[in-house]
């Protein structure tokens, strides 16, 4: 099922993962180790699952992998909200805005794939 033409969600989720790595390193510098690890895992997993979906064996498999990416995105949003609401944690509003765009795109891909 793989298609090597440029794919917006693959590109955005990869760029997001790179930014999450930087943010996780900032959290580590601030000694916020638990949140740093959690956000690193879930934030990089979005792109990994999106990319894995590009090699899906079937439409059902594709939808399943995109749903996992959506769950990881929701978890990442949770960790970002905690950072936003916690006084002693760094926060990056652009990261949260980019994630919200990714969530919308993944949701649209899932709904379109189900109906098509």
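If you check residue 110 against the conditions, is it without any contact (Cβ under 8 Å) to a residue 24 or more places away in the chain, touching a helix residue (DSSP H, G or I) at 6+ places or on another chain (Cβ under 6 Å) and closer than 22 Å to residue 8 by Cβ? For residue 110, the condition - without any contact (Cβ under 8 Å) to a residue 24 or more places away in the chain, touching a helix residue (DSSP H, G or I) at 6+ places or on another chain (Cβ under 6 Å) and closer than 22 Å to residue 8 by Cβ - is not met. The number of residues in region 11-27 being over 15 Å from the mean Cα position of the chain (by Cα), over 16 Å from residue 84 (Cα atoms) and surrounded by 14 or more Cβ atoms within 10 Å (Cβ to Cβ) comes to 0. Of the residues screened, residue 102 is one that is modelled with pLDDT of 95 or more, buried (at least 17 other Cβ atoms within 10 Å of the Cβ) and under 13 Å from residue 44 (Cα atoms). Counting only residues that are more than 12 Å from the chain's Cα centre (by Cα) and more than 20 Å from residue 8 (Cβ to Cβ), region 40-90 holds 15 of them. Scanning region 61-116 for residues that are more than 25 Å from residue 22 (Cα to Cα) and not in a helix (DSSP H, G or I) returns a single hit, 116.
Quick check, is residue 13 part of a helix (DSSP H, G or I) and free of Cβ contacts under 8 Å to residues at least 60 places away in the same chain? Spelling it out, it is not the case that residue 13 is part of a helix (DSSP H, G or I) and free of Cβ contacts under 8 Å to residues at least 60 places away in the same chain. Do we have residue 36 as surrounded by 15 or more Cβ atoms within 10 Å (Cβ to Cβ), over 14 Å from the mean Cα position of the chain (by Cα) and without any contact (Cβ under 8 Å) to a residue 60 or more places away in the chain here? So residue 36 fits the description; yes.
The values are calculated or read from the model by the stated rules, or taken from the named source; none is laboratory data. This structure is a prediction, so every number in the text was calculated from the model and none was measured. Don't worry about glycine lacking a Cβ; one is built from the backbone with ideal geometry, like all the others, and counts go over all protein chains shown.
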